[in-house]
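Trainee: Sharing a structure here in structure tokens format.
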Amino acid sequence: MAKFSQQMIDVFDRYAAEVDDSPTPLEDVANWAVANGLYKPNLKTLVQMCREDMADALRQDVRIDEEGRTYRAKLSVRMSVGGSQLSLWADADLAPRSFIEKSTHQRRRQIAGDCFKLKQDVDHFNFARGGPNPIQLILNFTDDVAELEAERRAEQDDEAA
């Protein structure tokens with residue numbers, strides 16, 4: 001068993017021995033462990049938590065341009081730096097074109113990967129149980145994007161009126 005996991009088990013066992021050995025919510029055990037200095041996340045853990053929270057927030061940061069288009073204000077690019085995979089982040093309005101192009105390529109690749117997985121799922125269903133009426137899957141999104149743009153324009157027209 002991993003050392004950290006064993007430490008967590010020991011904290012739980014100590015709580016049961018010192019405080020309460022009846023069925024207990026882990027929140028109670030965690031509050032007791034922190035209050036008694038038995039659990040202190042290491043700096044790396046705190047930095048990882050901060051990085052993850054920041055990435056979540058940056059993904060949600062949007063702006064609206066002069067034409068009324070909502071766009072992501074912060075973009076990321078995954079790249080290898082010094083043998084480690086890193087996500088580099090930049091402001092969409094300040095980043096160099098090469099960064100935007102790489103981010104766009106990586107996001108498009110993610111979408112393609114999702115489409116591939118969806119096609120695999122549909123192909124499996126059609127093979128295993130599709131029978132005479134297989135599920136039709138269209139992977140050309142041109143019409144879907146045009147429809148979403150039309151909806152956005154209609155919403156803007158309604159707001160302006």
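Trainee: Looking at Ile111, is it under 26 Å from the mean Cα position of the chain (by Cα) and either more than 25 Å from Ser76 (Cα to Cα) or in the same structural domain as Glu67 (by TED's automatic domain parsing) (or both)?
Mentor: So Ile111 passes the test.
Trainee: Continuing with this model, one more query. Show the residue pairs that are 6+ apart or on different chains and have beta-carbon atoms under 9 Å apart, the first residue being within segment 10-24 and more than 16 Å from Gly37 (Cα to Cα), the second being in a loop (DSSP other than H, G, I, E, B) and of a type outside the set (D, E, K, R).
Mentor: Short answer, once both residue conditions are applied: Ala16/Ser22; Ala16/Thr24.
Trainee: For segment 84-96, does any single residue satisfy the condition of being within 20 Å of Gln60 (Cα to Cα), surrounded by fewer than 10 Cβ atoms within 10 Å (Cβ to Cβ) and modelled with pLDDT of 95 or more?
Mentor: Yes: one or more hits.
Trainee: Would you say Leu139 is more than 15 Å from the chain's Cα centre (by Cα), closer than 30 Å to Ala154 by Cα and not hydroxyl-bearing (Ser, Thr, Tyr)?
Mentor: Yes, satisfied.
Trainee: Any residue in segment 57-73 that is assigned by TED's automatic domain parsing to the domain that holds Leu148, out of contact with any strand residue (DSSP E or B) (no Cβ under 7 Å at 6 or more places or on another chain) and over 30 Å from Glu151 (Cβ atoms)?
Mentor: no
Trainee: Same structure again: Scan segment 16-25 for residues that are surrounded by 11 or more Cβ atoms within 10 Å (Cβ to Cβ) and either charged (D, E, K, R) or in the same structural domain as Lys74 (by TED's automatic domain parsing) (or both) and report the count.
Mentor: 1
Trainee: Restricting attention to segment 106-149, report how many residues are basic (Lys, Arg) and in contact with a Leu (Cβ under 8 Å, 6 or more places away or on another chain).
Mentor: Going through segment 106-149 one residue at a time, the tally reaches 1.
Trainee: Answer with yes or no whether Asp28 is surrounded by 11 or more Cβ atoms within 10 Å (Cβ to Cβ), assigned to a loop (DSSP other than H, G, I, E, B) and not assigned by TED's automatic domain parsing to the domain that holds Gln156.
Mentor: no
Trainee: Just checking, how many residues over segment 1-20 are at pLDDT 90 or above and out of contact with any helix residue (DSSP H, G or I) (no Cβ under 7 Å at 6 or more places or on another chain)?
Mentor: 11
Trainee: Mind checking whether some residue in segment 45-63 is surrounded by 10 or more Cβ atoms within 10 Å (Cβ to Cβ), among the basic types (Lys, Arg), closer than 13 Å to Asp93 by Cα and modelled with pLDDT of 90 or more?
Mentor: yes
Trainee: Sticking with this one: From the set of residues in segment 152-161 that are hydrophobic (A, V, I, L, M, F, W, C) and not in a loop (DSSP other than H, G, I, E, B), which is modelled with the lowest pLDDT?
Mentor: Across segment 152-161, the extreme among qualifying residues is Ala160.
Trainee: Now, a different point. Can you confirm whether segment 56-79 contains a residue that is over 30 Å from Arg153 (Cβ atoms) and either among the polar types (S, T, N, Q) or touching a Gly at 6+ places or on another chain (Cβ under 6 Å) (or both)?
Mentor: There is no residue in segment 56-79 that is over 30 Å from Arg153 (Cβ atoms) and either among the polar types (S, T, N, Q) or touching a Gly at 6+ places or on another chain (Cβ under 6 Å) (or both).
The values are calculated or read from the model by the stated rules, or taken from the named source; none is laboratory data. Please read all numbers here as calculations on a predicted model, not as lab measurements. A quick note on method: Cβ atoms are made from the backbone with ideal geometry, for glycine too, and the neighbour counts reach across all protein chains shown.
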